[in-house]
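Shown next, in structure tokens, is the structure this report addresses.
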Protein chains: 2
Amino acid sequence: MNIYDIAELAGVSIATVSRVVNDSPKVSEKTKEKVRRIMEEHHYTPNVFARGLGLNSMKTVGIICPDVSDAYMASAVAHLEKSLRCYGYDCILYCSGYAYEDKVEAVSLILQKRIDALILVGSNYAGDGGDQATEYIRSAAREIPVFLLNGYVRAPEVYCILADNYQAVYDAVTDLIEDGRKRILFLHDSTSYSALEKLRGYEEALGDNGFPVPDELKVFVRNNIEMVQSRLQEIFREKMPDFDAVVASDDGLAVGAVKYVRSKNLRIPEDVSIIGYNNSELSICCEPELSSIDSRGKELCETAVEYMMHYLSGHPIRHKKVVPCRLVKRNTTNF
Amino acid sequence: MNIYDIAELAGVSIATVSRVVNDSPKVSEKTKEKVRRIMEEHHYTPNVFARGLGLNSMKTVGIICPDVSDAYMASAVAHLEKSLRCYGYDCILYCSGYAYEDKVEAVSLILQKRIDALILVGSNYAGDGGDQATEYIRSAAREIPVFLLNGYVRAPEVYCILADNYQAVYDAVTDLIEDGRKRILFLHDSTSYSALEKLRGYEEALGDNGFPVPDELKVFVRNNIEMVQSRLQEIFREKMPDFDAVVASDDGLAVGAVKYVRSKNLRIPEDVSIIGYNNSELSICCEPELSSIDSRGKELCETAVEYMMHYLSGHPIRHKKVVPCRLVKRNTTNF
DNA sequence: CTGAAAGCGCTAACAG
DNA sequence: CTGTTAGCGCTTTCAG
């Protein structure tokens, strides 16, 4: 059943049917009514390929993330998909993995699909922002608009929607200091843009409060509960851990810290105060429940899609938009 | 840059270029080489819309799941995407939500995209298998092959790939009984096909071992850690909980049970043995770590995609394929 | 307000 | 092995 069939049945030309499908204002209500009825009756649906060919668009946006099975990204993809659908856009999903070559490959492949826009989820794509490492993003942006969710690359046609991770960590660390903590451990697992921002928040908060920033308190470790435990075990050996607070760049890391601290029979938060990141399910699963910085995934996603729609309808938009985070207090902090 | 440009530059006809693009065997290596070089040089990529129009396929499969932000589904989507990509297929993702009307709508919308096949993730789509409730699936299957991941609907062109949830629960309960447990609580949160299978495994294992199946030990509760705690609190009030084991149909439920049991100062697993489901991150996050039934999401997904490819290349396939589960023992059981 | 006709870029049947 | 040509189903001028 195609447009010709409908045209014939309705006794009009295919042009008219096309206009009806696209709800063009220059068709009389009467004709519209008639054509629509026929379409309904015959369950006609326009062929998206043909339409795509003509319009050079299928109202589809590409979403690339390193790994949807990661809770944070899964949630982001869910929010993005939902928002996009509200505007009538479909999503094609590509999980690229974390390796540089794979990311480049992912972008290159997805561009061939002639998507209307591309969203890169997570700051892994921006890397540390080095020009070389982000050339593939700039290059993609020469073909279609690219939106970075929680990443930052300064280039034409790339639009960045970011959580204010710097400020969030800065504030958290400051709160801890005001609470009397002297030795604040920072757990991180990445050198992505947002990871670096978090680190900067940690360092500057310490500095601004007159504290040194000792290297041994910044521990870089894979985001895996057991790994964190054994890493801390290894660092502090037999001697008692000499930190009284932990700020982690992800809840998984924080849970590892919780487990380690408890295994040393220290009290949380009395002896050590712990703050996680992302306010994920993990944060209410462990014992005691984690305080956690909520990076506002939902707002970020909705903002990104709104921006995109604005852009796609021909309006100019800013290159960077920052959304504030929010600390969710639970049982691992006492302020 | 289209096929005509390339043809002209290479001094051949568009048919030849097309053949080269599709790696047809009936082009001389020499010509192929020449055309390929030109294509490379000019960064030519075939227009997928035009190709789609001609072939009536864009090598794309639709994936619908109620909610990708759910850990189990996220992981499934990740595995599916990866496997599909290996075969050169793209994924368009649709999160339908759990409501019946929304699921019907999702299927109907995604069919309009002329996907090559449809995958429905999770047994929510099969519902309790009632004919009425699954008509939309049968109907979709009349247009394209439909694959149910962990759901079951008996109908032509719908193919079901299932974890053996019945057996898994049956075995777990039997193990608990052999360990001397007398009052085994069953926590569930759904009436989907697989949920029902789990329940059946529980009931039959009890029955086959000469135990009664008391209604008060089957508790149906929303999958939310706090909800489970307060629900159990409400059921057992001031009196001591009188169960000595728990089998949950999801790790989230099991974590709720762990928290409840610990709040009553009972020992795990000595006083109560607890088994979760899905072997998710939650299971190693709580204290003590959960034993959990691994429903083999990865194998399920890979099997599904293999099946699909087999089908798409014209071979007949079976309507149902069952993958066994596996109990991962950790600290909440002592057998 | 409506219709005729020219593409959009590619595939595949047919002819050589 | 290669070229010609007729669609695929829709959008969009351009005329009327």
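Every read-out reported here was derived from the displayed coordinates using simple, explicitly stated rules and does not represent laboratory data. Bear in mind that the values here come from a model prediction, so they are computed numbers and not experimental data. Here Cβ is always computed from backbone atoms with ideal geometry, including for glycine, and neighbour counts include all displayed protein chains.
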| Of B:280, B:210, B:240, farthest towards positive along the dipole that unit charges on Lys, Arg, Asp, Glu beta carbons give segment B:165-295 | B:240
| query | Using modelled amide H (1.01 Å from N, peptide plane; none on Pro or chain starts), what sits under 5 Å from the amide H of residue A:293, excluding residues fewer than 5 places away? | reply | A:276, A:277, A:278, A:279, A:328
| remark: Here the residues of segment A:262-288 lying in the modelled label zone of residue A:334, meaning backbone nitrogen under 17 Å from a point 7 Å along Cα-to-Cβ, are A:262, A:265-275, A:288
| said: Using only DSSP helix segments of four residues or longer, with each worth -39500 (n - 2.57), what per-residue ellipticity at 222 nm results for chain B after dividing by its residue count and rounding to 500? | reply: -13500 deg cm²/dmol
| 3J(HN,Hα) from dihedral phi, segment B:16-24, Karplus parametrisation 6.51/-1.76/1.60, rounded to Hz, x for glycine, proline | 5, 4, 4, 4, 5, 4, 8, 6, 5
| Which FRET efficiency value, to the nearest 0.05, is calculated for residue A:55 and residue A:204 with the Förster distance at 41 angstrom and r the Cβ-Cβ distance? | 0.25
| task | Write out the GluC sites (Glu not before Pro) in segment A:4-108 meeting two conditions: DSSP loop, and at most 16 other Cβ atoms within 10 Å of their Cβ. | result | none
| task | Can you list which of the trypsin sites (Lys or Arg not before Pro) found in segment B:155-186 are DSSP loop residues with at most 13 other C-beta atoms within 10 Å? | result | B:182
| query | Which residue of chain A is nearest the rotation axis onto chain B, counting by its Cβ, and what is the distance in whole Å? | reply | A:74, 2
| query | Given 0.36 nm per residue, what is the gain on full extension from residue A:216 to residue A:45 after removing their alpha carbon distance, in nm? | reply | 55.2 nm
| field | Taking B:92, A:161 and counting other C-beta atoms within 10 Å, the order from fewest to most | value | B:92, A:161
| query | So which GluC sites (Glu not before Pro) in segment B:161-258 pass both tests, a DSSP loop state and at most 12 other Cβ atoms within 10 Å of the Cβ? | reply | B:238
| query | Extension gain residue B:266-residue B:133, at 0.36 nm per residue separation less the Cα-Cα distance, in nm? | reply | 43.6 nm
| What is segment A:191-335's relative contact order, in percent, from Cα pairs under 8 angstrom and six or more apart in sequence? | 19 percent
| request: Based on other C-beta atoms within 10 Å, arrange A:320, B:298, B:103 from fewest to most. | output: A:320, B:298, B:103
| Whose amide H sits under 5 Å from the amide H of residue A:245, counting only residues 5 or more places off or on another chain, with H placed in the peptide plane? | A:183, A:185, A:273
| task | Output the direction-averaged projected area (hull surface divided by four) of the convex hull of the alpha-carbon atoms of segment A:165-295, in nm². | result | 6.9 nm²
| Rough spin-label spacing in nm, given labels placed 7 Å along Cα→Cβ, for residue B:22 and residue B:233 | 6.6 nm
| Structure shown: which of A:182/A:239; A:32/B:103; A:198/A:218; A:30/B:113 lie over 23 Å apart, alpha-carbon to alpha-carbon? | A:32/B:103; A:30/B:113
| query | In debye, nearest 20: dipole of chain A around its Cα centre with unit charges on the Cβ of K, R (+) and D, E (-)? | reply | 960 debye
| query | For residue B:84, what charge total do you get from the other residues with a beta carbon under 12 Å from its beta carbon, if Lys and Arg give +1 and Asp and Glu give -1? | reply | -2
| query | Can you list, shortest first and in nm, the gaps between the label point of residue A:210 and those of its counterparts in the other copies, using a point 7 Å from Cα in the C-beta direction? | reply | 7.7
| remark: Gyration tensor on Cα atoms of segment B:3-51, a ≥ b ≥ c root eigenvalues, a/c under 1.5 rounded, else prolate if a/b beats b/c, else oblate, says oblate
| Anchor residue B:298: lysines whose Cα lies under 18 Å away (excluding residues fewer than 8 positions away in-chain) | B:82, B:320, B:321
